[in-house]
Amino acid sequence: MATPQQLQLLAPLSGVLMPLDQVPDPVFSTRVIGDGLCIDPTSQTLSAPLAGVISNVQASGHAISITDDNGVQVLMHIGLDTVNLAGKGFTRLVEEGQRVEAGQALIEFDADYIALHARSLLTLMLVVSGEPFTWLSPETGMVEGGQPLVSLHCVERIADEPAPEEGEALFSKPVTLANPNGLHARPAAVFAQAAKGFSASIYLHKQQESANAKSLVAIMALQTAFGDTVQVSAAGQDAEKAIDTLEALLTSGCGETVSVSVSVSVSAPVEALEPSSSKVLRGVCASPGSTFGQVVQIAEQRLEVSEPGRGAQVEREQLARALAQADLALQLLRNKATGDAQAEIFKAHQELLEDPSLLDQADALISEGKSAAFAWRAATEATAALFKGLGSALLAERAADLADVGQRVLMLILGVQDQAIELPEGAILIADQLTPSQTAGLDTRKVLGFATVGGGATSHVAILARAAGLPAICGLPAQVLALRNGSLVLLDADKGELHLDPELAAIEQLRVDRQRQEQRHQHVLAHAMQAACTRDGHHVEVTANIASLGEAEQAMTLGGEGVGLLRSEFLYLDRNHAPSHEEQARTYSAVASALGPSRSLVVRTLDVGGDKPLAYVPMASETNPFLGMRGIRLCLERPQLLRDQFKAILACAGLARLHIMLPMVTQLSELRLARQLLEEEALALGLDELPKLGIMIEVPAAALMADLFAPEVDFFSIGTNDLTQYTLAMDRDHPRLAAQADSFHPSVLRLIASTVKAAHAHGKWVGVCGAMASETLAVPLLLGLGVDELSVSVPLIPAIKAAVREVDLVDCQAIAQQVLGLDSAEQVREALRLYHEATVDNSLILEN
Ligand code: PEP
Ligand code: MG
């Protein structure tokens, strides 16, 4: 039962009342957030229109909501697009959760600053909980702060209504928010509105916090930011549909224009400008490879525009025409695009053409008497500057997109033709930034590579260069822009170097190297099926790292002698419920059958958690996910997950030589407990022989205690990726530490050496399945340290087998001992390079 009540809302500000329909922002004028009113303020303190609890105050201070004891919820939003001010101009006087009286001051704001820096000062007061209201004063005209404005018709809610039967909650995949300001009022309103369309009960989760997805205020209270990872859960009849729809909505930005991917790249620091006499300029590799060619400078045309317009009507029409033409041109480029990556870029550009904020800004300037060209340029430049100033590498790249679209439309407004770039053969294009539009129009048959000052490894020029298989360097010093057209340069993208006026000998060397690489590639492919035996007859097993049945099959055709690491995560990730026993058992059995009974299959149990969360295993957020609930730790905390996996793996016993491997083991107790669970599952299945059980050595603790682990395992496999990360205390994915986080560091090598020694003392074999095993340079070193198996990336199997066949074990042992005593990874690499040059290249010639 409900009893109607009256509640008066006071004016939160002094100012001029304005009908909501006239607010130039559809998210407010269409009332998706709720009905209410708008005030153009003349005072600078926002006060409470009702008594209640502060249910949300945005960190940036531009929006606040109050919930009273009957559940009435009122949101106040100061200004339009003020979220972009990131808190500047606002002083919060209250805290979330605080009880306030009607009329109490909530936020002070600097009206001048906001009027100058945001789109508008218009302030909204909206009844989010949906109660109808009647006006107590005229709906337009001046109001005084604190004056009663409207009367709400409330109904007292009855608590504790029985919740409908909902069943188990489903979870979406984690979505990384690409909205520049997270889910602030506008996207939150769109999201809540969409959620209300489903009967399921739906929650939005950010780390350990959750919000009712149908409540705008609750979503805003999550205080999400750009780059936050969120998940949707739903329980009820239409839960699955709700998850699909809302996940897609979050990914697409909830009505805001966002970039498709949000992986934030931090480009490596560019070294200080070299003296002008320097013959090598350094940047970062954006697309691998090397080439030699002539400089072609690509500069953007700076267009002159006149500020005054010829009347708003004429200018508006001109802008609309140019936007339509630009859209058409981009559609043509999209249709002609070579691959999805390029097509996505032009699609994003088309979306920018429709961006309401850009269009509103341009339109406002046209209304003030400016020309279409002036208005459009001012709007795009202001937004691009805002993006650049937010300190995110990703947004800085979106600023480059905006500049590109801006220029395209500007040229159409002014009727300026694109200056066709006549390319000579063998061109290396040099530019401050190469825009997608510039690269799309180029004859790539004549382009050999790219070198730019701006951009990073995730910039569009990098994406396009990789798609076209052309080498590219970004982040070069601006000095590169002074190079003469036609001058000769050698672009070594692998090293991030641009060599100016290279010696003829260097050019010749590049040509010879390329030819030799190709020759070698053909050679190793032709011998892929031969065993990997050193010249002095020592056999090393070369197996594959795989994550699918397809890779298992491919590995066999490329000479793989088994599978040294099946990363089972692929069965568990990107889905909203755990794989069934049947699905798991079918997959493991299919992989095992592809290998056959004489080959080894090492299945690694689930290695997720922290950095790779599972949608259906909700976990508390962690400050250091790499040091948190990962791998075996997570599985032992949820033993049923591990038992189910063991049971499914055991289903393929007999189809291949089955091995089970535990990831991230740190304590002996973890190994013992996992073994006990495995034995229980095997017993329950009536198996009398257990598969081999081993552990990964990827935590220094395990390497240092290998002598204690060895008696209790059947084998070790060294995960050099994690072992390096934990030994050197360097995040394995850190873009700026990439060069230093090197598995060739002598400390890592010493841990490998002692692990092998401990294992062999107990008659156990040791593999290496980290990326180091896939490096040809590491082969003599790992063999010399006594490693028995190299588990490598599938396409590299033939090359690693060939590298084994080219060395003598006794030499490897000598070089391994030598490098263990060196100071640094660079020294180790250099010593191995010298050894490689002295032996391996000759051996290929000898074999031929
Ligand atoms: C490793 O850490 O070296 C390893 C092989 O495991 P992953 O790369 O899957 O963490
Ligand atoms: Mg690992």
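The sole residue among 131, 101, 108 that is at pLDDT 80 or above and in contact with a Cys (Cβ under 6 Å, 6 or more places away or on another chain) is 131.
Among the numbered conditions (1) in a helix (DSSP H, G or I); (2) in contact (Cβ under 8 Å) with a residue 60 or more places away in the chain, the only one that residue 791 does not meet is (1). With respect to residue 766, determine if the residue is within 15 Å of ligand 1 (Cβ to nearest atom) and assigned to a loop (DSSP other than H, G, I, E, B). Against the criterion (within 15 Å of ligand 1 (Cβ to nearest atom) and assigned to a loop (DSSP other than H, G, I, E, B)), residue 766 does not qualify. Among the residues of segment 82-105, those that are of a type outside the set (Val, Ile, Thr) and touching a His at 6+ places or on another chain (Cβ under 9 Å) comprise 84, 85, 87, 88, 89, 90.
Does segment 73-91 contain at least one residue that is free of Cβ contacts under 8 Å to residues at least 40 places away in the same chain and under 28 Å from residue 5 (Cβ atoms)? No, segment 73-91 contains no residue that is free of Cβ contacts under 8 Å to residues at least 40 places away in the same chain and under 28 Å from residue 5 (Cβ atoms).
Note on segment 713-747: among residues that are at pLDDT 95 or above and either assigned by the TED database to the domain that holds residue 830 or over 20 Å from residue 769 (Cβ atoms) (or both), the one that is nearest to ligand 2 (Cβ to nearest atom) is 729. Of all residues in segment 622-660, those being over 29 Å from the mean Cα position of the chain (by Cα) and within 15 Å of ligand 1 (Cβ to nearest atom) number 1. Every listed requirement among (1) surrounded by fewer than 21 Cβ atoms within 10 Å (Cβ to Cβ); (2) hydrophobic (A, V, I, L, M, F, W, C); (3) part of a loop (DSSP other than H, G, I, E, B); (4) within 16 Å of ligand 2 (Cβ to nearest atom) is met by residue 664 save one, (1). Would you check if residue 32 is outside any loop (DSSP other than H, G, I, E, B) and modelled with pLDDT under 90? No.
Tallying residues that are more than 17 Å from residue 569 (Cα to Cα) and touching a residue at least 60 places away in the same chain (Cβ under 8 Å) within segment 622-653 yields 2. The residue that is farthest from residue 800 (Cα to Cα), among those in segment 486-545 that are in a strand (DSSP E or B) and among the polar types (S, T, N, Q), is 545.
Conditions tested, residue by residue: (1) touching a Gly at 6+ places or on another chain (Cβ under 6 Å); (2) away from ligand 1 (no atom under 16 Å from the Cβ); (3) within 16 Å of residue 703 (Cα to Cα).
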site: 759; (1), (2), (3): no, yes, yes
site: 779; (1), (2), (3): no, yes, no
site: 782; (1), (2), (3): no, no, yes
site: 793; (1), (2), (3): no, no, no
site: 803; (1), (2), (3): no, yes, no
site: 811; (1), (2), (3): no, yes, no
site: 821; (1), (2), (3): no, yes, no
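Comparison of 234, 194, 248, 185 shows that the only residue that is modelled with pLDDT of 80 or more and buried (at least 24 other Cβ atoms within 10 Å of the Cβ) is 234. Which condition number in (1) more than 16 Å from ligand 1 (Cβ to nearest atom); (2) at pLDDT below 95 is the one that residue 590 fails? Only one criterion is unmet by residue 590, namely (2).
The values are calculated or read from the model by the stated rules, or taken from the named source; none is laboratory data. All values reported here derive from a predicted model rather than from experimental measurement. Quick reminder, even Gly has a Cβ in these numbers, built from the backbone with ideal geometry, and neighbours come from all protein chains shown.
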